[in-house]
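What follows is a set of notes on a single structure, which appears directly below.
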Amino acid sequence: MRVMNWKVKFARLCVGTILCVSIVPGRGFADDGTPSGETSPVKLDTPKPGLTEREQYLLDRVEQLERRVEELESKGGQPAAPAPSVSQPVTKDKANNSANPGVAVATAATGAPVNTISSSSLSNPVIGPQGQATEKGKSGGTATAKAPKEEPFAFADFTWLNGNSRTKDTPYATTFFTPEIRADVDYNYSFNHPADDTIGGSSEVFRSNELHVTQLGVGGDFHLDNVRARVMTQFGLYSQTTPRNDASPARGQWNLDNAYRYLSEAYGGYHFNALHGINVDAGIFMSYIGLFSYYQFDNWAYQPSYVSSNTPWFFTGLRVQIFPTAHLKIEPWLVNGWQSYGRFNNRPGVGAQILWRPNGWLSVLGNQYALGEEALGNPNRVRYHSDDSIEIKYFDKPGPGLDKMAFSLTGDIGCEHGGGVSCAGGSKKGPKQSFLGFMFYNRFWFDRDHFGLTVGGGKINNPGRYLVLLPPINGATAASGTSYFTENPGDVFKAWDMSGTFDWMPSQYITFRSEFDHRAANVPYFTGPGGITPTSCPTAPIVENICGSPGAFVPGFTPDLKKIENRINLSILVKF
C-alpha cells in the first residue's frame, strides 16, 4: 500500500511540473508591449484520437508559443545575422578592371579594404584603403567612421574593354600581395617564307614557322599601409625585342638595356586618401598610348595596327593618378623619354592621360605627349603626340548565342619640329615630319563570352619615319640604324593592315587564339623569302648572326624586303 501511495504522489508531482513549465515560458515572452500579467487564453480543441484532454492542452500550448515567437521576431526586425564566414579576399580584378590598374581589396577576416597596386591592364585604378585605422591598427567605431567613397571605375563591369584584362578575380590574393602570372606562347607562319625565320615591322611578332615564348611574366602587386609597389618580369622574346627599339642606352654608360630587359613593370609609390584616391608612383609603368595592352591576353587581337604597335608600351619616370570622381582619372607624367629607359638628349618628356567612363558601356581615353627631345644626338628636335580612343559596348544580352558586341576607335596625330624638320613642311625649317593614323576594331562575343571574334585594322602616314619600327636587318637596332632602310627627314612611309581574330575562352584565365593578318606598305618593308640576315661576311667574322656591327653595310648582301605580308598566328595566352 505504501508503494502504491508513493507512486500516486510521484505521478501528481510530474503532472504539476509539466503544467508549470508550460505556463512560465508563456509569461516570459510577454515583453513586447503586452502586460506581463496577461496571457492569451488557450483554446482547447477536441482531443485528437489517442490523446487525453491534458495532452491535447499541452500540444495546443506549444503551438501557441511557436506563433508567439514568430510575432516577436517580426516586431523585432531582421533576424540575427549568421556568423561571418572567412572567404577569399576580393582582388583588384573582382571589382572590375578599370583604369590603369588596381582596386580596393577586402581582407578575408574583416572585409575592410586595403591598398592594392596597379595591374597592367588599362583598368582598375589602385586607390588604397578608404576606411582608416584610428589607433595602432584598431578600426574606429562605426558611429563616427566616414562612409567609404566609391571606388573609381568599380560601378560597372569593364572586362569587355580592349586593352583590359578580362579576369574577374584572383583567388589566391592576400591583404599584402596580389600575385600575377602571365604566359604568351605563340606560333607564327609568314606566307613570305623568310629563309632566316625573321619577321620585322612588329613589336609583337618576331619569328616565323617556330613555336616561341613571347612573354613569361611573374610578379604582382604589393600593398600595405597605403604603400604600393608592382613588379612584372618579361622573360622570353620580349626581353630582347623591346629593349632593341630604345635608342637611349646608346647615350652614356651602364648598359641600361641590359639593366632593365627582364622587367616590363617595376615601380613603387604611395596612395593618398584624398578625393576618390591619389596615387604617386615612380619607376617603369605601362603607357597605354595606342589603347592596346602590352600583354596580349588583355587585347581583342594579337597583332594591333600600327597606331598601337609603333607607339610606346612603357614609360620610365614619375606619374600621379588623380581620381576626382569614381568616373574620371587624370594622370600626368614626367618621363625620361618616348618608350625609353633613359633620356635621348637633355630634356625629359611630359604628358598626361585622361580617362572618363560615365557608365558601363562607354570609355573615352586621351593620351597627350609633348616637349620630349626624342632624336638621339639631336637636342633641337621636339616631339608632340596626341592619342585618343573611344570604346562603346552597343549590345549586351547574355545567352547561348551572340551575347555582346563592342567597338574601339583610335586616332593619333603628332609631329616633330626643329633640328632640320618641321610639323607643316614647305618651309626653310625642313621637310614635314609628322604622324597621322587610325585603327578600328569590332568585337563579338558568343555563348556567354566563351567565344570571341574580332575584325579590324588601320592605317598610318609617317613622313620622316620617326615612329616606324626599324626592320632588324643585319641585327639593326633603334640606336644603330641601317642604310638598308633609312629613317631620314623626308623619307615617306604609308602602311595599312587588317586582321581577323577568333578566341576560345573556356576559363577566365586562358585564351586559345587564332588570327590572320594582312599588312602592306608603300615601300618594301616586310621580310621576304630571302630573309634579312647575311649568310656570309667578307669583312669580319659573323657574331650572333651579325656581320660587323649591328645594321652595318655588308658587301654583296641585299636584304629581301616586300611590300606585303600575310601571316597566321596561333597562341595560348594565360593570366592568373
Here region 301-419 gives, from Cα atoms, an Rg and Dmax in Å of 17.5, 59
Interchain or sequence-distant (5+) residues whose placed amide H lies within less than 5 Å of the amide H of residue 337 are 316, 349
Probe 1.4 Å, heavy atoms of protein chains only: per residue, the accessible area of region 445-563 in Å² is 43
Taking the alpha-carbon centre of each part, the distance from region 431-495 to region 342-396 in Å is 16
Phi-derived 3J(HN,Hα) across region 376-392 with the Karplus relation (6.51, -1.76, 1.60, θ = phi - 60°), rounded Hz, x for Gly and Pro, is 4, x, 10, x, 8, 9, 10, 10, 10, 8, 10, 10, 9, 9, 9, 10, 10
If R0 = 45 Å, then residue 395 and residue 191, at their Cβ-Cβ distance, give a FRET efficiency to the nearest 0.05 of 0.85
Total charge of the residues flanking residue 417 in space, meaning their Cβ is under 9 Å from its Cβ, with Lys and Arg +1 and Asp and Glu -1, is +2
From most to least accessible, 1.4 Å probe, no ligand or DNA/RNA atoms counted, 355, 65, 376 line up as 376, 65, 355
Along region 401-413, Karplus-curve 3J(HN,Hα) (6.51, -1.76, 1.60; θ = phi - 60°) to the nearest Hz, with x for Gly and Pro, reads x, 5, 10, 7, 9, 7, 9, 10, 10, 10, x, 10, 9
Extension length gain for residue 413 and residue 448 (0.36 nm per residue less Cα distance), in nm, is 8.9 nm
Residue-normalised value, i.e. accessible area per residue, for region 261-384 at 1.4 Å probe, in Å², stands at 28
The orientation-averaged projected area of the Cα convex hull of region 283-368, in nm², is 6.3
Quick calc, residue 147 & residue 522: beta-carbon distance into FRET formula, R0 56 Å, rounding 0.05, result 0.40
With a ≥ b ≥ c from the Cα gyration tensor eigenvalues, square-rooted, and the rule rounded for a/c under 1.5, otherwise prolate when a/b > b/c and oblate otherwise, region 498-576 is oblate
Taking 243-250, 387-394 and ranking on average Cβ neighbours within 10 Å, highest first, one gets 243-250, 387-394
Any residue on another chain or 5+ positions along whose placed amide H is under 5 Å from the amide H of residue 395 is listed here as 405
In nm², the average projected area of the convex hull spanned by the Cα atoms of region 163-300 is 11.1
Note on region 223-277: contact order normalised by length, alpha-carbon pairs under 8 Å, 6 or more apart, percent, works out to 55
Given unit charges at Cβ for Lys, Arg (+) and Asp, Glu (-), the dipole magnitude of region 200-313 about its Cα centre in debye, nearest 20, is 220
Percent relative contact order for region 391-452, counting Cα pairs under 8 Å at least six residues apart, stands at 37
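Can you tell me the dipole magnitude for region 514-569 around its Cα centre, using point charges on the Cβ only (Lys, Arg +1; Asp, Glu -1), in Debye to the nearest 20?
Computed about the Cα centre, the dipole is about 160 debye.
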For residue 300, the residues 5 or more places away or on another chain with a placed amide H closer than 5 Å to its own amide H are 163
Counting only protein heavy atoms and leaving out ligands, DNA and RNA, the solvent-accessible surface of residue 68 at a 1.4 Å probe, in Å² to the nearest 10, equals 50
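The values are calculated or read from the model by the stated rules, or taken from the named source; none is laboratory data. If you're wondering where the values come from, they're calculated on a predicted model, not measured in any experiment. Neighbour counts are summed over all protein chains in view; Cβ atoms, including those assigned to glycine, are modelled from backbone coordinates with ideal geometry. SASA here: full protein model, heavy atoms, side chains in, ligands and nucleic acids out. Shrake-Rupley method; radii C 1.70, N 1.55, O 1.52, S 1.80 Å.
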